[in-house]
Every structure is written in structure tokens, then in C-alpha cells.
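S.K.: What follows is a single structure, and I will ask about it in a moment.
Readers should treat all values here as calculations from the given coordinates under stated rules, not as data from a laboratory. Just so it is clear, the model here is predicted, and its values are computed rather than measured. Cβ: placed from backbone, ideal geometry, glycine included. Neighbour counts: every protein chain shown.
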Amino acid sequence: MKRFIFTILFFATCMCMFSQVISKEELEKYTDLGGMSWTEKALELSETYNLNEKGELQLSVIGEYEGQTKSELYKKILNWIISMSTEAESALQIADEEKGQIITRCYLPNIAKRTMGDNSYRVSIRPLLKFDFKDGKVRFTYTLQCYDVLKKNDDSGYVMMFGSFGVTGSGVTKDNQIWQLVDCYPFVNSKNQRKANNEDDDIYTVTRKSSRSKHPKVTSSRAFVNSISCYNILVDKIDEVLLKPSDEGRDDNW
């Protein structure tokens, strides 16, 4: 009963943002274009990292940590999540030591940025992180359904003259958008693509049922490539956390 109450209280009070975990420098280090353009790299990665039947990017890895109990591994990850909890952008959804499972949704802001004329885009992601624990083993699953995009339009820098009458831009407008991965390059249906002449302004249009979605190709490519990099960074950091010696059993009588 105490464990159950702890889980509920933790869910209600622990909000975690992982933005401090991944630095700009790390993202650049893990994102190796190898001389390719963003769109070429995204297309190459899509051959390995495809979407599941729900239109989600779901990646999973199993790590082996011989000699550590399920409880020890669980507590290491839980403490790591708590240490990263800075503001209410993400929520820990399940923390069940008996079952051996932790599920949290983390927030990784501004993983991709791009400016196109008066428009600028900032892409953030909120992947779902799931941890399953056994003695000596941890399975980590990373699931991403969409991109959170802040689009800004700054049209305050122009004046249009009509004789003696002038019209100026109204200033900066902001639009928070959700881009489903299935509607973004490189996962759009090639039969429904309409390609612009200039790749910098390339827009891919997809018709899905009654909806119609338009997202910049290069911005979508950057978001996808960096989402894979975020997964790889998290895998390495989680491995580092789990390989550290446990604090349990240490003599703290000093």
C-alpha cells in the first residue's frame, strides 16, 4: 500500500524536463551528416529507423548489467529521473518497483531550428521513455509520435507603397503546431508528394483521409535526424548511469 501511495504522489509531484541532459555540443557530435544534406541523411536513416503501424518512431535496446538486482537498476534510473526534474514540461507516468517498470514523458526543446525568409521554426520533442527491469537487465524503449513546432512569422520589416498610401507588416506572430511524423519527410507517401522547384523552400504535401498537411522538407529532415541523435545520446547516458557503483550498502557513518 505504501508503495502504491508513493507512486501516486510521485506522479502528482514529479515533473521532469531533460533539456539539461542533452547539450547543443552533444547533439552536434552525435549528428554526423557525413557530407550529406539533411534530406539525404534523413532518407538514409529512414531505411533503418522506420515508423511502426501507429505512425510512431519506436526504438528499443536491452542492456545487460550482470550482478545488479532489478531493485538496484530500478532505483538508479528513478534517481536519475528525479535529478533531471526541473519544471512541468514532462510527467512521470508510472514508477512501479514491484512490477519493475518506469514510464516517463520527457521534454527536449529546440532540437532543430531553421529560418526561411520571414518564417522561423523551432522543433521540440516529447518522447515517451519506458524502462523495464529484470535482474541484470534493463530494456529501454523510446517512442516519438510527433514534433512540437513553434513557427514565428516576422513581417514587420517591409513597407508596400501604393501611391501615397503605405502598408507595413503587422509584426511577429507565433503559431504552435503539432507535426505528426507520418506527415513529414522522409515518411510522406511518395504518390501524394508535390515537390517545389527550390529545395530550400521544398514543401511536401500529403493527403491522409480528409486532412491535408504541409511541412517544410528540410526542417522535417533536421527534426528526424536529431530525434535519432537524441535517442542515441540517451542510450549512452542511461548506460553510464547504470554502470555506476550502487550507493546501497555503503557505510555512511562518518
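S.K.: Measuring from label point to label point, each 7 Å out along Cα→Cβ, what is the Lys174 to Gln93 span in nm?
M.R.: Placing both labels 7 Å along Cα→Cβ, they lie 2.7 nm apart.
S.K.: With the crude spin-label approximation of a point 7 Å out along Cα→Cβ, what separation in nm comes out for Lys75 versus Thr48?
M.R.: 3.7
S.K.: A further question follows. Listed highest first by mean packing, meaning other Cβ atoms within 10 Å per residue, what order do 28-35, 178-185, 146-153 come in?
M.R.: In decreasing order of mean packing, 28-35, 178-185, 146-153 become 178-185, 146-153, 28-35.
S.K.: Also, quick follow-up: Within the set Lys54/Lys99; Lys134/Lys237; Lys75/Lys237, which residue pairs have Cα atoms separated by over 23 Å?
M.R.: Cα-Cα > 23 Å for Lys54/Lys99; rest within.
S.K.: How do 129-138, 224-233 rank on mean C-beta neighbours within 10 Å, highest first?
M.R.: Result, highest mean Cβ count within 10 Å first: 224-233, 129-138.
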